[in-house]
Amino acid sequence: MTMLKYIFFLFLCCTVLSLKAQYTLFGRSGSISYDKTMYMKNIVSKKFIAKADNNSKTFFEQVLPKLPENAVLKKTLKFNANETLFEPVKNDNLDQMVKQYIMMFALDFEAITLSNMTTRSFQRYNDIVGEKIIVEDTMKRIKWKITDEYREIAGYNCRRANGLTTDSIYVIGYYCNEIPVSGGPESINGLPGMILGLVVPSQHVSYFATKVELSNDVPMDKQRFEKSKVKRMTRKTMTDQISGVLSQHMNKETVQFIMELGNM
């Protein structure tokens, strides 16, 4: 009897270790830390100064020397088999002056994005100059072409895919099969594994994971999306409303760039 108990104990230990190894190999829930890098001088030079009228151009040219080459914003993605929650990191130690320039040029709304891969539903919580808005729409559909190029990101071997969004924005995604969740930064999705690297050349912005933590228990704070008094609208309605305000101060091409960046 003692021998049987010993054999059973060994079997149980082996089973637990095997399950743990499978979970480690194929993680379906956890959190990912990303660096969102915005190439500030390129953005202002090519998207603001190059498109501006004489009055605005002078102002932008005076601001340009004060900008860093790039600014790095910290973001977090929490995920499980069905959902992802992408949000900014509070107290990211970003220089206050840089933050003011990002706000002035409307380059990052610090939005919180909740995506459901099962229902293909998309919600984005925005707090724009004190006005709270929830965008409710469907997840973006992206046409991907998987390549044979690989790159290591945050300790994972990631495969490159080139994509085109429905609004004709070219994106480069690096995904890993070890995390079989079809999600990624912002609302980018649709690959056979989690996107740990994302480059958007036309927007002069990139996202790269710096740390991946797999966990069985990943709490997602969805309270913002449950508030009944917050304005709700589609992606197109929000784009039209904000574009109307920005168009009073900026040209059409620059406003389009800002909205494409905000709707990423």
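The values are calculated or read from the model by the stated rules, or taken from the named source; none is laboratory data. On a predicted model such as this, the values are computed, not experimentally measured, just so you know. Every residue, glycine as well, gets a Cβ built from its backbone with ideal geometry; the counts of neighbours run over all protein chains shown. Just the protein is used for accessible areas: all its heavy atoms, side chains included, with ligands, DNA and RNA removed. Shrake-Rupley method; radii C 1.70, N 1.55, O 1.52, S 1.80 Å.
How large is the dipole of the range 19-161 about the Cα centre if only Lys and Arg carry +1 and Asp and Glu carry -1, each at its Cβ, rounded to the nearest 20 debye?
On the way: 24 positive and 17 negative charges, 99 e Å.
Around 480 debye, computed over the range 19-161.
Give the lysines reachable from Lys36 as a straight Cα distance under 18 Å; neighbours fewer than 8 places away on the same chain don't count.
Cross-link targets: Lys74, Lys75, Lys78, Lys90, Lys99, Lys211.
Once amide H atoms are built 1.01 Å from N in the peptide plane, which residues 5 or more positions from Ala111, or in another chain, come under 5 Å H to H?
Sorted by chain and number, the residues that satisfy this come to none at all.
Going by a ≥ b ≥ c, the root eigenvalues of the Cα gyration tensor, does the range 91-223 fall in the rounded group (a/c under 1.5), the prolate group (a/b larger than b/c) or the oblate group?
On the way: a/c = 1.44, a/b = 1.36, b/c = 1.06.
It is rounded, given that a/c, with a ≥ b ≥ c, falls under 1.5.
Ranked highest first by the average count of other Cβ atoms within 10 Å around their residues, in what order do 222-233, 77-88 fall? Can you show the working numbers first?
On the way: 222-233: 11.5, 77-88: 19.8.
Ranking, from highest mean packing down: 77-88, 222-233.
Heavy-atom accessible area per residue, the chain, 1.4 Å probe: how many Å²? Please report the intermediate quantities before stating the final value.
On the way: 14410 Å² over 264 residues.
Dividing the accessible area of the chain by its residue count gives 55 Å².
Please report the carbon-and-sulfur percent of the accessible area for the chain; probe 1.4 Å, protein heavy atoms only, DNA, RNA and ligands left out.
On the way: 7740 of 14410 Å².
Taking all protein chains in place, the chain shows 54 percent carbon and sulfur surface.
By how many degrees, 0 to 90 and rounded to 10, does the Cα axis of helix 54-63 deviate from the longest principal axis of the chain?
Roughly 50 degrees between the two axes.
Cβ neighbours within 10 Å, averaged per peptide: list 59-66, 104-111, 203-210 in order, most packed at the top.
Values: 59-66: 12.4, 104-111: 18.5, 203-210: 21.1.
The most tightly packed comes first, giving 203-210, 104-111, 59-66.
Can you list the residues, at least 5 places off or on another chain, whose amide H is less than 5 Å from the amide H of Thr210, using H built in the peptide plane?
Ser33, Tyr34, Asp35
Just to confirm the number: angle between the C-alpha axis of helix 2-25 and the first principal axis of the chain, 0 to 90 degrees, nearest 10?
20
What residue among Val89, Thr138, Gln100 has its Cα farthest toward the positive end of the dipole of the range 88-177, where the charges are +1 on Lys, Arg and -1 on Asp, Glu, each on the Cβ?
Going by the charge dipole, the pick is Thr138.
In debye, nearest 20, what is the charge dipole magnitude of the chain about its Cα centre with +1 on Lys and Arg Cβ and -1 on Asp and Glu Cβ, if you could check? If you can, show how the numbers build up before the last one.
On the way: 35 positive and 27 negative charges, 74 e Å.
Computed about the Cα centre, the dipole is about 360 debye.
As I understand it, the value is the acute angle between the Cα axis of helix 235-246 and the longest principal axis of the Cα atoms of the chain; what does it come to in degrees, rounded to 10?
30
Treating only the Cβ atoms of Lys and Arg (+1) and Asp and Glu (-1) as charged, compute the dipole magnitude of the range 104-212 about its Cα centre; round to the nearest 20 debye. Could the numbers behind the result be given before it?
Values: 11 positive and 12 negative charges, 75 e Å.
My answer is approximately 360 debye.
Report the relative contact order of the chain, percent, no decimals, based on alpha-carbon pairs under 8 angstrom and at least 6 residues apart.
Working: 483 pairs, mean separation 55.7, N = 264.
Answer for the chain is 21 percent.
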